[in-house]
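**Q** Before we start, here is the structure in question, set down as structure tokens.
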Amino acid sequence: MKKILLMSTPVGPLGTGMGGGVELTIYNLCGELTARGYQYRVVAPKGSYLDNVDIIEVEGNLHTPAQTQRRDTPIIMPPNSVLANMWEVARQLESDYDVIVNFAFDWLPFYLTPFFSKPIAHFISMGSLSDGLDEIMGKIAAKYPNNLATYTKSQANTFPFGDKCQCLGSGIDLSLYQFQPTPQRKLAWLGRIAPEKALEDAVAAAKLAQIPLLIFGFIQDEEYWQKIQTQFSNAPFEYKGFLPTKELQAQLRDCMGVLMTPRWVEAFGNVVIEALACGVPVISYARGGPAEIIIDGKTGFLVTPDSVEGLVEAIKRLGEINRYDCRRLVEEKYSLEAWGKRFEEWLLRVYHTSQCPVS
Ligand code: UDP
């Protein structure tokens, strides 16, 4: 195995934040593949840009993110679908590659898997959201039991075929995140601004605690964001924009804590390890990926899901956390090298086993 083709998400160009944490995952994988002596190219929607990453840009209409649909919504394909166009490129290039990695949380790449001659490894970036998608993923999991991977166990458990998923976790380049031992009196919230992230709970908690809240992230749902601004017009929050990692960590590290308020089963929560790497403890609802990462009382607090009061109580206890423990946890469990090794081992397994699918 020498050459890997990476197929990006069709919900937005890389580098815009529209794709959420999977953008960082793709970026990190490119660096790790190069460091490990592999050649790769990324196929992604037009307008994609990541530093030092070789991208083939593809025209076409973006796809609607699955989390904005109901579970029983039929699978949607826009006309001139960028996903279909990207996979046409994959079909033309596949003979030059050993393994194709799919990052789209979408029906088409799963459906196409048996029609390609090269193995397709599917990295699933969200928990279960669509009946139609679960069905096709389940069929591929049964036929190619090694080819599906998730970030975490809690994410895998949302799928009927969860026991077939390899859990790879995530990792970050620690050299990009500077440790800050002495925070200022402010909190942070990071992520895509969309209903499943429940930013309103963090704003409500900051208001009750009377501590300024800095908000970082791509505004995916403008109407939702307007509603929060109107509802909490007198709350102490400030929107800082969607920042590149360097600037993001420079502001994040000065905060006394991060609030993580997912209404859904968060697949991982890359922002959790980014905050911890700077020494910033994370207070999160006790569900999904963050609950697997945060050590309650040591690197942050896990509170009753959807409880704003729980957030406020935990904010009062932030001083109990040793910020060095936060950084240490990421050094020990979420280094880029350790994650890259797990990802490489998974791809090798896919490469060696996909020739003989379960019929
Ligand atoms: N992010 C960023 N700049 C910002 C705010 C967020 O680059 O100003 C990135 C952050 O680094 C993370 C992603 O946005 O990689 C959010 O991903 P996460 O896994 O937390 O959630 P998702 O959006 O995938 O549900």
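**Q** Which residues, counting only those in the range 226-242, are open to solvent by less than 30 Å² (accessible area, probe 1.4 Å) and away from the ligand (no atom under 14 Å from the Cβ)?
**A** Ile228, Phe232, Ala235
**Q** Further question on the same structure: If you go through the range 12-50, how many residues are touching a Gly at 6+ places or on another chain (Cβ under 9 Å), closer than 30 Å to Asp221 by Cβ, open to solvent by 30 Å² or more (accessible area, probe 1.4 Å) and within 16 Å of the ligand (Cβ to nearest atom)?
**A** Number of matching residues: 6.
**Q** Same structure, new question: State which residue is most open to solvent (accessible area, probe 1.4 Å) when the search covers only the range 204-225 and only residues that are among the hydrophobic types (A, V, I, L, M, F, W, C) and more than 16 Å from the ligand (Cβ to nearest atom).
**A** Here the residue is Leu208.
**Q** I need every pair where a residue in the range 84-104 that is open to solvent by 10 Å² or more (accessible area, probe 1.4 Å) has its Cβ under 8 Å from the Cβ of a residue that is of a type in the set (Phe, Trp, Tyr), sequence separation at least 6 or different chains.
**A** These pairs meet every condition: Arg91/Phe116; Glu94/Phe116; Asp98/Tyr351.
**Q** Sticking with this structure for a sec: Could you figure out which of (1) more than 30 Å from Ile315 (Cα to Cα); (2) in contact with a Lys or Arg (Cβ under 7 Å, 6 or more places away or on another chain) isn't true of Trp107?
**A** (2)
**Q** For the range 213-261, how many residues are part of a loop (DSSP other than H, G, I, E, B) and under 11 Å from Trp189 (Cα atoms)?
**A** Residues flagged as part of a loop (DSSP other than H, G, I, E, B) and under 11 Å from Trp189 (Cα atoms) within the range 213-261 amount to 3.
**Q** Confirm whether Leu190 is within 12 Å of the ligand (Cβ to nearest atom), modelled with pLDDT of 95 or more, open to solvent by less than 50 Å² (accessible area, probe 1.4 Å) and over 18 Å from the mean Cα position of the chain (by Cα).
**A** Criteria not met by Leu190.
**Q** Go over the candidates Arg185, Arg253 one by one and state the one that is in contact with a Phe, Trp or Tyr (Cβ under 8 Å, 6 or more places away or on another chain), open to solvent by 20 Å² or more (accessible area, probe 1.4 Å) and over 26 Å from Thr64 (Cα atoms).
**A** Arg253
**Q** Looking only at the range 117-129, count every residue that is away from the ligand (no atom under 14 Å from the Cβ), closer than 20 Å to Ile26 by Cβ and open to solvent by less than 30 Å² (accessible area, probe 1.4 Å) and tell me the total.
**A** Total meeting the criteria: 4.
**Q** Right, something else. Within the range 58-90, which residues are among the small types (Gly, Ala, Ser), over 20 Å from the mean Cα position of the chain (by Cα) and within 12 Å of Trp107 (Cα to Cα)?
**A** Hit for the range 58-90 is Ala84, nothing else.
**Q** Now for a different question. Would a scan of the range 284-297 turn up a residue that is open to solvent by 60 Å² or more (accessible area, probe 1.4 Å) and either among the hydrophobic types (A, V, I, L, M, F, W, C) or farther than 17 Å from Gly21 by Cα (or both)?
**A** Taking every residue of the range 284-297 in turn, at least one turns out to be open to solvent by 60 Å² or more (accessible area, probe 1.4 Å) and either among the hydrophobic types (A, V, I, L, M, F, W, C) or farther than 17 Å from Gly21 by Cα (or both).
**Q** When you check Pro109 against the structure, is it buried (at least 23 other Cβ atoms within 10 Å of the Cβ), modelled with pLDDT of 95 or more and of a type outside the set (Val, Ile, Thr), yes or no?
**A** Answer is yes for this residue.
The values are calculated or read from the model by the stated rules, or taken from the named source; none is laboratory data. In this text, all values refer to a predicted model and were calculated from it rather than measured experimentally. Cβ coordinates were reconstructed from backbone atoms using ideal geometry, including for glycine residues, and neighbour counts include every protein chain displayed. For accessibility, only protein heavy atoms count, side chains too; no ligands or nucleic acids. Shrake-Rupley method; radii C 1.70, N 1.55, O 1.52, S 1.80 Å.
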